[in-house]
Amino acid sequence: MAPPTKILGHDVQQRMLERSQECALKSLTQNECAFNGHEYMCVPFKRLFQQCVMRDGRRLNIEVTDEATNGR
């Protein structure tokens, strides 16, 4: 199970990204599964994060997943 992630508005995300020194795009693939009575059906979906180094040296992960990330 993934750790909880703070939900930030777009404006807050932008301010935090502006205060960072370097960022790298990271991805995580998760599965959403449902049991239909006979078998499990799982659908993978991707989550995207900007992993940034802040000016004070700490690392911060900001989720940047949007509707287009998992579009088919």
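Numbers at a glance
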| quantity | calculated |
| --- | --- |
| Alpha carbon convex hull of segment 10-70, volume per residue in cubic angstrom | 97 Å³ |
| Listed peptides 27-37, 47-57 by packing density, highest first (mean Cβ within 10 Å) | 47-57, 27-37 |
| Amide proton proximity set for THR65, modelled H, under 5 Å, gap of 5+ | LEU48 |
| Whole-Hz ³J(HN,Hα) from phi, Karplus 6.51 cos²θ - 1.76 cosθ + 1.60, for segment 32-43, glycine and proline x | 9, 10, 9, 9, 9, x, 10, 7, 8, 10, 10, 10 |
| Whole-Hz couplings from phi, Karplus 6.51/-1.76/1.60, listed for segment 59-65; x for Gly and Pro | 9, 9, 9, 10, 6, 10, 4 |
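Here, each number is a calculation from the coordinates, and none is a lab measurement. All figures in this text were calculated on a predicted structure; none of them were measured in a lab. Heads up, the Cβs are rebuilt from the backbone with ideal geometry, glycines too, and the neighbour counts pull from every protein chain shown.
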